[in-house]
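The values are calculated or read from the model by the stated rules, or taken from the named source; none is laboratory data. Treat the numbers as computed from the prediction; the structure is a model and nothing was measured. Here the Cβ is made from the backbone with ideal geometry for all residues, glycine too, and neighbour counts use every protein chain on show.
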Amino acid sequence: MKNKLLVVTSPHLKDPVTTSNIMLTVVVALVPTAIAATLLFGLRALMLICVCVASCIIFEYLYNVVTRQPNTISDCSAVVTGMLLAFNLPSTFPFWMAMVGCFVAIVVMKMLFGGIGKNFANPAIGARVVLLVSFASAMGDASAFVTPVFSDGAISHMAGATPLAAINTTQVSGLGEIGNMALGSVEGVPNVFELLFGLRGGCLGETCIITLLIGGCYLIYKKVISPIIPLTYIGTVFVLSWILGVNPVSQVLAGGLVLGAFFMATDYSTSPVTKKGKAIFAVGCGLLTVVIRLYGQYVEGVSFAILLMNILTPLIDRWTKTKPFGGLAK
Amino acid sequence: MKMNLNGVKVPHHKNTMNCETVSMPVPASVTIPLLQHMGAPCTPVVKVKDEVKVGQLLADSQEFMSVPIHSSVSGTVTAIEDFITSNGVRTQTIVIACDGQQTVDESVQPPSVETREDFLGAIRRSGLVGLGGAGFPTFIKLNPKNLDEVDTLIINGAECEPFITADNREFLENSEKVMKGIELVTRFLGISHVIIGIEDNKKEAIDKMQQLILGKDGYQLAVLKSKYPQGAEKVLIYETTGKVVKEGQLPADQGVIVMNVSSVAFVASYLETGMPLIQKRVTVDGSAVAEPKNVMVPIGTKFEDVIAFCGGYAKEPRLILMGGPMMGIAVPNDQYPVIKNNNAILAFAEEDALERLETPCIRCARCVNACPVHLMPAAIDKAVHGKNKESLAALKVNLCIECGCCAYVCPANRYLVLYNRMGKQMLREKK
């Protein structure tokens with residue numbers, strides 16, 4: 001034997017899953033939606049995604065350089081954050097503001113708290129909320145949701161408020177009209193078909209439900225996420241809106257819920273570890289989403305709901321420890 | 001309702017499954033450590049330059065938790081040296097230069113066993129320890145305080161570690177002795193029920209045992225899913241009987257005794273011949289080994305000699321394991337001797353030697369979903385690094401069986417098993 005032997009602790013086998021390939025799997029799951037966003041909102045959407053991804057990577061790189069820490073960009077989590085943040089912005093959003101958002105997401109929300117796994121809230125959501133509060137008009141101005149849609153083979157422009165805004169106002173004032181919404185019989189509100197394919201205004205990554213579901217199912221199939229959070233979250237919103245007399249189908253499809261439930265609420269760092277904890281977390285997200293949407297000042301409640309539940313995650317984790325096999329209570 | 005004990009699906013790599021055991025010739029010298037069991041080390045009863053014969057007592061101890069050690073060869077004691085076992089315990093070793101004659105000692109006579117006391121005494125004198133890996137003294141295991149409450153003997157033939165096929169070969173080559181051993185243990189201990197647990201990737205062994213227990217009253221074959229760590233004692237007991245061995249309990253407290261298949265077969269051969277435990281079937285495999293096979297090795301033979309018998313190294317080894325890849329110990333060189341509870345020698349080339357590059361925990365919960373005893377390894381990792389003993393006690397790190405499932409699935413490559421061991425140590429220091 002010429003070389004020294006490796007003396008390490010067991011186990012000496014490892015399944016091939018690593019942090020970076022988990023992150024790359026998430027990126028792959030987001031790609032169909034990025035393509036859909038480009039088709040629906042035009043090349044500017046693609047440019048915005050690229051700006052966000054590049055800024056996130058650069059900010060993380062610079063942070064590590066400045067603080068003299070080993071480089072962490074190879075874990076690819078900055079790419080995921082960049083894509084998710086872009087998905088939460090309207091396609092017309094100014095690039096410089098997007099870069100501010102990326103700075104908040106990577107430096108403030110993630111790196112200052114200790115980097116990957118240590119952040120208390122989802123970086124993309126934190127940044128979105130900061131942008132929402134700081135640049136309210138650019139984030140939410142109805143005119144920002146100018147949407148090129150495919151109709152009759154030609155691209156036409158449809159302007160208007162986000163459908164959820166229309167749905168919320170209509171429904172809260174008319175509790176009895178369940179069912180009309182989904183069929184598109186109420187003015188300014190798209191029908192289910194349009195909602196599924198993203199033929200509506202909105203943030204660039206939240207509209208195309210079909211591609212989001214494809215990506216979400218891919219993540220579940222790849223065992224990157226557990227189905228508990230997305231299903232419980234969406235289920236809670238559906239049931240609660242039904243009970244409260246608003247159209248559950250529109251509540252599920254017309255806002256940022258599907259994007260949030262599959263890709264943001266499932267963030268490992270900021271969601272509980274155990275199955276029970278995940279279920280509690282998701283129910284909480286669902287309750288808060290509906291409450292904010294129907295009774296709050298904001299049209300959309302997904303980001304706030306997830307953010308608030310992110311903050312509760314350490315508590316939920318404490319309440320929902322696993323019960324060790326054969327363990328005796330202390 | 002039956003719990004799901006998680007675990008992980010590991011690649012089997014049972015390459016030597018069909019390799020019939022071959023006995024290797026006696027090496028030029030053997031090195032027999034005086035600690036080959038869980039408990040107190042033995043003190044030598046021979047001196048340097050003594051002539052010793054096969055089966056002769058070399059060392060024993062007055063301590064309760066100890067098992068005598070015998071010579072596996074005939075020859076001359078050349079040295080009694082200090083020795084550090086592969087898991088880091090300081091002890092001694094008796095070095096014997098072999099004469100190649102393999103003269104059997106006069107003391108090797110079939111023991112006369114009439115009563116339970118005779119039986120347990122014979123088991124102690126045989127030098128038997130649990131051959132599955134832990135090396136727990138068998139005479140202690142077979143003599144629990146509440147023996148009259150024990151009604152089930154579980155034979156552990158799960159062999160869930162990748163690569164290792166030694167127990168599989170025991171079933172196939174020595175099934176008569178397995179059955180005889182079970183018969184002896186149940187007769188002397190007054191146990192009525194026998195469960196033989198085998199993982200479903202060992203079809204031949206299952207078929208063979210199925211035939212042998214056909215029509216036998218009280219015998220049951222449990223075909224287990226091939227899922228690691230099916231052979232871990234607590235897991236095996238739960239999967240075969242539904243009983244939960246609680247914190248601080250022994251299996252006997254739940255009315256169960258578990259024996260490894262090779263151990264139980266040895267009981268039969270010892271009572272028949274009186275030859276103590278001086279050889280062990282070892283699976284030799286791994287990408288650096290030229291001819292992987294199952295070898296019957298005299299105890300004390302150096303890994304180097306065993307590997308030379310298997311065609312030597314095919315590639316430059318980078319990692320040599322004593323035991324399987326999930327729980328085995330990485331040794332610093334190939335001069336270590338085969339001991340009683342050693343069931344595999346695996347040598348891997350550079351490309352198959354796992355060197356972990358730790359990255360931060362991303363809280364993915366894979367470890368929590370893999371842990372067969374339902375612990376939270378990621379939380380233990382955090383508590384160990386924060387030196388939080390209170391949290392470690394609450395997280396029940398003491399229940400960790402060190403199976404390695406958590407670190408196997410960890411995408412951040414964290415040394416979770418190491419941290420669990422550190423956590424256990426911290427808890428022990430507290431008391």
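For this structure, a couple of remarks:
- Sole exception among (1) facing chain A (nearest Cβ under 7 Å); (2) more than 30 Å from B:VAL289 (Cβ to Cβ) for B:LYS387, by number: (1)
Residue-wise test of (1) under 22 Å from B:LEU142 (Cβ atoms); (2) modelled with pLDDT under 90.
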site	(1), (2)
B:LEU58	no, no
B:GLN62	yes, no
B:VAL67	yes, no
B:SER72	no, no
B:VAL77	no, no
B:ASP82	no, no
B:ASN87	no, yes
B:ARG90	no, no
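- Residues that are part of a loop (DSSP other than H, G, I, E, B) and touching a strand residue (DSSP E or B) at 6+ places or on another chain (Cβ under 7 Å), drawn from segment A:34-89: A:GLY42
- The residue that is surrounded by the fewest Cβ atoms within 10 Å (Cβ to Cβ), counting only those in segment B:325-356 that are more than 19 Å from B:GLY300 (Cα to Cα) and touching a residue at least 40 places away in the same chain (Cβ under 8 Å), is B:GLU351.
- Output for segment B:357-375, where each listed residue is facing another protein chain (nearest Cβ under 7 Å) and surrounded by fewer than 18 Cβ atoms within 10 Å (Cβ to Cβ): B:PRO360
- Any helices (runs of 4 or more DSSP H) falling wholly within segment A:162-251 and containing at least 1 residues that are modelled with pLDDT of 95 or more: A:209-221, A:228-243
- Filter result for A:ASN71 (of a type in the set (S, T, N, Q) and within 14 Å of chain B (Cβ to nearest Cβ)): yes
- Any hit, segment B:309-327, residues being facing chain A (nearest Cβ under 7 Å) and at positive phi: no
- Taking the conditions (1) of a type outside the set (Ser, Thr, Tyr); (2) over 30 Å from B:ASN333 (Cβ atoms); (3) crowded, with 23+ Cβ neighbours inside 10 Å; (4) within 14 Å of chain B (Cβ to nearest Cβ) in turn, A:PHE41 satisfies each one other than (4).
- Count of residues meeting criterion [touching a Pro at 6+ places or on another chain (Cβ under 6 Å) and facing chain A (nearest Cβ under 7 Å)] in segment B:328-356: 0
- Taken as a whole, segment B:261-273 holds no residue that is hydrophobic (A, V, I, L, M, F, W, C) and facing chain A (nearest Cβ under 10 Å).
- The one condition in (1) at the interface with chain A (Cβ under 10 Å from one of its Cβ atoms); (2) touching a residue at least 24 places away in the same chain (Cβ under 8 Å); (3) touching a Ser or Thr at 6+ places or on another chain (Cβ under 8 Å) that B:CYS410 fails to fulfil: (3)
- Index of the failed condition, B:GLY404 passing every other in (1) over 24 Å from the mean Cα position of the chain (by Cα); (2) facing chain A (nearest Cβ under 8 Å): (1)
- Residue count for segment B:182-203, restricted to those that are of a type in the set (D, E, K, R), surrounded by fewer than 20 Cβ atoms within 10 Å (Cβ to Cβ) and under 23 Å from B:LYS9 (Cβ atoms): 2
- Restricted to segment B:120-168, and to residues there that are aromatic (Phe, Trp, Tyr) and in a loop (DSSP other than H, G, I, E, B), the residue that is surrounded by the fewest Cβ atoms within 10 Å (Cβ to Cβ) is B:PHE136.
- Matching option when the condition is in a helix (DSSP H, G or I), over 24 Å from A:THR92 (Cα atoms) and either more than 13 Å from the chain's Cα centre (by Cα) or touching a residue at least 24 places away in the same chain (Cβ under 8 Å) (or both), among A:VAL283, A:VAL258: A:VAL283
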